[in-house]
1. Residue by residue through region 15-28, what is 3J(HN,Hα) from phi via Karplus (6.51 cos²θ - 1.76 cosθ + 1.60, θ = phi - 60°)? Round to whole Hz and write x for glycine and proline.
2. When the Kirkwood hydrodynamic radius is evaluated over all pairs of different C-alpha atoms of region 1-57, what value in angstrom, to one decimal, is obtained?
3. Lys42: which aspartates and glutamates have alpha carbons under 15 Å from its alpha carbon, excluding same-chain residues fewer than 8 sequence positions away?
4. Quick check: pseudo-label points 7 Å beyond the Cα along Cα→Cβ at Thr66 and Cys21, how many nm apart are they?
Amino acid sequence: MVQLLQHADALGSAGPWHDHCRAAKKRSRAIEYTRGRPKRVKHYRELLRITRTTLGYLQQAAVQLTGLASSMRLACVIFVFKMPPWW
């Protein structure tokens, strides 16, 4: 998901987002090495919270990219109609 956000950022839909890879990796390792199901549940919940936050960033970027794409299409149509007839 972070790679998609980086691509969206490069395209100009720079909404505020943070890279939570480090925190997600930390929680997944805690899940892997924690003994007992009750102790792991806490880490699973934190990992799901981080994932939902990142997914929210991605949904915001998708909305912004949709608006950007429609305005780019309109600009392309205007450009084509402004071209000289010999093209």
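Read-outs: derived from the displayed coordinates by stated rules, not from any lab. Worth saying up front: this structure is predicted, and the values here are computed from it rather than measured. Cβ: placed from backbone, ideal geometry, glycine included. Neighbour counts: every protein chain shown.
1. Karplus-based 3J(HN,Hα) across region 15-28 equals x, x, 8, 10, 7, 9, 4, 4, 5, 5, 5, 4, 5, 5 Hz.
2. 12.4 Å
3. Those aspartates and glutamates meeting the cut-off are Glu32.
4. Computed distance between label sites Thr66 and Cys21 equals 2.8 nm.
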